[in-house]
1. For Phe197, all conditions in the list (1) within 39 Å of the chain's Cα centre (by Cα); (2) outside any loop (DSSP other than H, G, I, E, B); (3) modelled with pLDDT of 75 or more hold save one; what is the number of the exception?
2. Of the residues Ile101, Ile106, Ile81, which is β-branched (Val, Ile, Thr), touching a residue at least 12 places away in the same chain (Cβ under 8 Å) and closer than 17 Å to Pro133 by Cβ?
Amino acid sequence: MRRLTLRSFIFLALSGLILPLAFFAPQQLPAARAQQPTGSVPTVTGTPSGAIVALYLDETRPQELVYAGPSSYLYPPVGVILAGQELPAYGYSEDQTWIQIYYPGIPGSRAWVYAPYVQMLKIGSMPNLPAPPTPTPATTPIANIDPTLVAAFSTPVQPALLPTFTAPAPLEVSSFEAQQTNPTRFPIGLLIFAFGFIGGFGTLISFLRGR
């Protein structure tokens, strides 16, 4: 019988150790799946009619208000839509001037936008929808006011007599009488003319005598 060498002995020993380890090694477990979030993610759902509207792309109007009802005077604004934003549409108002759209984040997820501001991207059946009830005012007017309470906060006004009217004194117009000139008085203009004539005549005689 051949004697085992040292190298063969080491080889056999390692083989005897590796094979049992490979047989009894635990199987690889599948990778654990990541836990999925349990919260609900809102999704935009289309309407049965399938109509889609979008705000016109306009640099002067990058956004537009949407209201709780088909009127900007009777209903408050509930949000805004941006230019080019696509939204599902439910229907028109009774006068065909407003469109009800899907708008998440508000009660009922519905709002109204003025129809001339949007364009129809996908045409569908658009029924006429009734307007929702108008919101109640924040303050209620008081029909009956307690006069005693009003008198406590009002300043009394004492009646005063009006001044009596006294007629002014009659206006006297001063009259001026023209003074009559004395007809017997010698006119001054004629006297000046006479002296001037005499002076000129004397100057002429002096001139002639000097020649």
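1. Every listed condition holds for Phe197 apart from (1).
2. Checking each option against the conditions leaves just Ile106.
The values are calculated or read from the model by the stated rules, or taken from the named source; none is laboratory data. Not measured: the values here are computed from a predicted model. Note that each Cβ is placed from the backbone with ideal geometry, even for glycine, and that neighbours are counted across all protein chains shown.
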